[in-house]
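Read the structure below first, then the notes.
The values are calculated or read from the model by the stated rules, or taken from the named source; none is laboratory data. A quick note: this is a predicted structure, and the numbers were derived from the prediction, not measured. Positions of Cβ are backbone-derived with ideal geometry, glycine not excepted, and every protein chain shown enters the neighbour counts. SASA here: full protein model, heavy atoms, side chains in, ligands and nucleic acids out. Shrake-Rupley method; radii C 1.70, N 1.55, O 1.52, S 1.80 Å.
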Amino acid sequence: QKEVEQDPGPLSVPEGAIVSLNCTYSNSAFQYFMWYRQYSRKGPELLMYTYSSGNKEDGRFTAQVDKSSKYISLFIRDSQPSDSATYLCAKYNFNKFYFGSGTKLNVKP
Amino acid sequence: GAVVSQHPSRVICKSGTSVKIECRSLDFQATTMFWYRQFPKKSLMLMATSNEGSKATYEQGVEKDKFLINHASLTLSTLTVTSAHPEDSSFYICSARSSLNTEAFFGQGTRLTVV
């Protein structure tokens, strides 16, 4: 079983839609969770970072962690064409990062 | 967020030659650096982890004699692909984190093409 599982998509939504990106993870050892955004042919960019269960909000982005079900989500409100990218979820523990396979998002104007 | 600069962004080399990729943390001390390889439409594949002043720890299946990693200072790590072959063509990305934070920041990536 992979440490982090992520639906690869692609996910296509109209501009202004609410986007929900999801990952599940295994191994409940002490760990942190992150969401990265990667544009084509670029390195990933850190969007959100959280440790505890619950929600963390930053502008149009909300990261949610449910440790009881081992589920992490990223919500994007009022999605824009510039949000079109691949989104990677990741968890960190013991000096190692585990990445999901990435979900490709396309926001249509 | 913190800035990690990776250079070059793109390189083409002849088969059999060596290529060096640099990864620099510009505004923080990177006690740990990670090197990844990414195939088209695939996720990041960790190649090795390096701590400043120590030998790199390579993931299973990664040839340490082929992919030489040096992390000699708190702001610089290098990956040298030795005797490159066309199958080494890929997108290589570094990331760095400090001992003060958990999150890692990525460089822009290097597109290596071996002809």
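Taking the range A:25-52 as the range and being touching a Lys or Arg at 6+ places or on another chain (Cβ under 9 Å), among the hydroxyl-bearing types (Ser, Thr, Tyr) and either part of a strand (DSSP E or B) or modelled with pLDDT of 90 or more (or both) as the test, the residues that pass are A:Tyr25, A:Tyr32, A:Tyr49, A:Thr50.
None of B:Phe105, B:Phe39 is of a type outside the set (A, V, I, L, M) and either free of Cβ contacts under 8 Å to residues at least 24 places away in the same chain or more than 10 Å from every other protein chain (Cβ to nearest Cβ) (or both) except B:Phe39.
Summed over the range B:43-77, residues that are under 22 Å from A:Tyr98 (Cα atoms) and in a strand (DSSP E or B) total 14.
Against the list (1) in a loop (DSSP other than H, G, I, E, B); (2) touching a residue at least 60 places away in the same chain (Cβ under 8 Å); (3) more than 10 Å from chain B (Cβ to nearest Cβ); (4) within 27 Å of B:Thr32 (Cα to Cα), the condition A:Ser101 fails is (3). Within the range A:66-81, is even one residue within 14 Å of chain B (Cβ to nearest Cβ) and touching a residue at least 12 places away in the same chain (Cβ under 8 Å)? So far as the range A:66-81 goes, no, none of its residues is within 14 Å of chain B (Cβ to nearest Cβ) and touching a residue at least 12 places away in the same chain (Cβ under 8 Å).
Does A:Thr86 fit the bill of being away from chain B (no Cβ under 14 Å) and not in a loop (DSSP other than H, G, I, E, B)? Taking the combined requirement at face value, the residue does not satisfy it. Considered as a group, the residues in the range A:53-83 that are over 18 Å from A:Asn22 (Cβ atoms) and among the small types (Gly, Ala, Ser) include one that is most open to solvent (accessible area, probe 1.4 Å), and that residue is A:Ser82. The test for being touching a residue at least 24 places away in the same chain (Cβ under 8 Å) and either facing chain B (nearest Cβ under 10 Å) or of a type in the set (Gly, Ala, Ser) (or both) does not hold for A:Leu46. Just one of the numbered conditions (1) within 14 Å of chain B (Cβ to nearest Cβ); (2) in contact (Cβ under 8 Å) with a residue 24 or more places away in the chain; (3) not charged (D, E, K, R) is not true of A:Asn95: (2).
A count restricted to the range A:21-43 and to residues that are exposed (fewer than 14 other Cβ atoms within 10 Å of the Cβ) and at negative phi stands at 6.
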